[in-house]
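What follows is calculated from the coordinates using simple rules that are stated; it is not laboratory data. In this text the structure is predicted, and so the values were computed from the model without any measurement. Using ideal geometry, Cβ is built from the backbone for each residue, glycine included, and neighbour counts are taken over all protein chains shown.
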Amino acid sequence: MSDAPRLAFLKGHGTENDFVIVPDPDGRLELSPAAVARICDRRAGVGGDGLIRVVRSSAHPEARGMADEAEWFMDYRNSDGSVAEMCGNGVRVFARYLERAGLVEAGDLAVATRAGVRRIHIAKDDLGGTDAPGGAITVQMGKAALPEPGADGPVTVAVGEHSWPARHVDMGNPHAVAFVDDLDQAGRLFDAPAVTPGSAYPHGTNVEFVVDRGPRHVAMRVHERGSGETRSCGTGACAVMVATARRDGADPAADGHPVTYTVDVPGGRLVISELPDGTVEMTGPAVIVAEGELDPAWLDTALA
Ligand SMILES: N[C@@H](CCC[C@H](N)C(=O)O)C(=O)O
């Protein structure tokens with residue numbers, strides 16, 4: 001019998017931010033950045049904006065401390081193999097996988113991430129404004145942090161000859177949010193936008209471009225750290241919602257009532273609220289589209 005490695009995977013997406021899901025409950029898999037990049041390659045691999053390893057919190061050194069609160073840990077990697085703290089679309093897809101695999105039931109659950117524990121609600125029949133199979137999933141994304149500019153000055157985002165002032169928003173991972181006149185001004189986004197000062201983002205950043213669509217309604221494009229332009233970014237949409245609310249003079253902590261925005265992304269729509277205690281809540285679809293096994297001979301070369 002061959003001792004070539006075997007690896008089961010699923011493919012899923014949330015508003016077309018797509019992921020390869022790798023169940024590894026006992027945390028046995030060593031996935032190097034190069035192996036993740038090969039698996040996420042859209043031509044020579046399975047293809048995805050990122051890879052999500054599903055590990056029991058008790059089996060992962062970064063999650064053991066959260067095991068009492070959350071049984072499962074989302075080990076998220078960008079498509080270039082780099083590690084990220086959090087993925088908003090990914091955590092909904094993660095929850096959908098757990099439900100589909102019979103590891104949790106619809107309703108309330110908690111998931112451990114590098115940005116901390118996230119509380120999730122899997123709606124049973126409510127499509128939450130989506131027509132996605134399985135309906136909507138709501139995630140409590142934690143509180144946004146909006147660091148004031150440091151000694152090196154305010155954040156600026158530039159693409160070609162265009163440049164814009166940007167708002168630094170931290171959703172567990174870093175974002176630079178720029179309000180633009182037209183989403184096409186961001187160009188083809190093959191390369192990462194220039195973000196200055198570099199000292200604001202020592203570990204790089206995701207960049208969002210935002211336009212108004214109507215009252216409490218915006219649209220965005222995103223260039224993701226470690227993945228390039230994607231069709232959606234959940235943490236990015238939350239950062240956009242909070243930056244837009246502040247620009248519009250809305251602050252639930254001061255106003256004492258929640259504020260809700262619709263955020264359109266190229267791959268669909270997310271509905272995001274900020275509550276008076278500062279918690280940001282995101283609702284959107286999460287779909288599993290395929291399930292299979294990597295070819296053992298190919299995997300052998302990918303893991304080498
Ligand atoms: N697509 C994700 C964010 C994934 C991580 C990001 N690229 C980073 O490096 O911070 C989302 O839906 O939030």
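The table below gives the values:
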{"item": "Highest-MSF residue in the chain out of Leu103, Leu294, Leu270 [GNM, Cα springs under 10 Å]", "result": "Leu103"}
{"item": "Cleavage-rule hits, trypsin sites (Lys or Arg not before Pro), the range 7-66, DSSP coil, Cβ neighbours within 10 Å at most 12", "result": "Arg28, Arg42, Arg43"}
{"item": "At least 30 Å along the helix axis (C-alpha) and Kyte average at least 0.5, DSSP helices within the chain", "result": "none"}
{"item": "Summed residue charge, Cβ within 15 Å of Arg246's Cβ, Lys/Arg positive, Asp/Glu negative", "result": "-4"}
{"item": "Most fluctuating residue given options Val54, Val289, Val242, as computed from a GNM of the chain linking Cα atoms under 10 Å", "result": "Val289"}
{"item": "Range in the chain, longest, excluding exposed GluC sites (Glu not before Pro) [loop by DSSP; at most 15 other beta-carbon atoms within 10 Å]", "result": "162-304"}
{"item": "Net charge of neighbours whose Cβ lies under 12 Å from the Cβ of Asp182, counting Lys and Arg as +1 and Asp and Glu as -1", "result": "-2"}
{"item": "Where only C-alpha atoms are counted, convex hull volume of the range 123-274 per residue in Å³", "result": "124 Å³"}
{"item": "Listed residues Gly153, Ala136, Met220: farthest to the positive end of the dipole of the range 131-233 (Cβ charges)", "result": "Ala136"}
{"item": "At 1.567 mPa s and 4 °C, Stokes D of the chain from Kirkwood alpha-carbon radius, µm² per second", "result": "66 µm²/s"}
{"item": "Length released on extending from Ala297 to Lys124, taking residue separation times 0.36 nm less the Cα-Cα span", "result": "58.3 nm"}
{"item": "Pair His162, Ala290: separation of 7 Å Cα→Cβ label points (nm)", "result": "3.3 nm"}
{"item": "Contour minus Cα-Cα distance for Glu148 and Phe190 (0.36 nm per residue)", "result": "12.2 nm"}
{"item": "Neighbour net charge for Leu10 - beta-carbon separation under 9 angstrom, K R +1, D E -1", "result": "+1"}
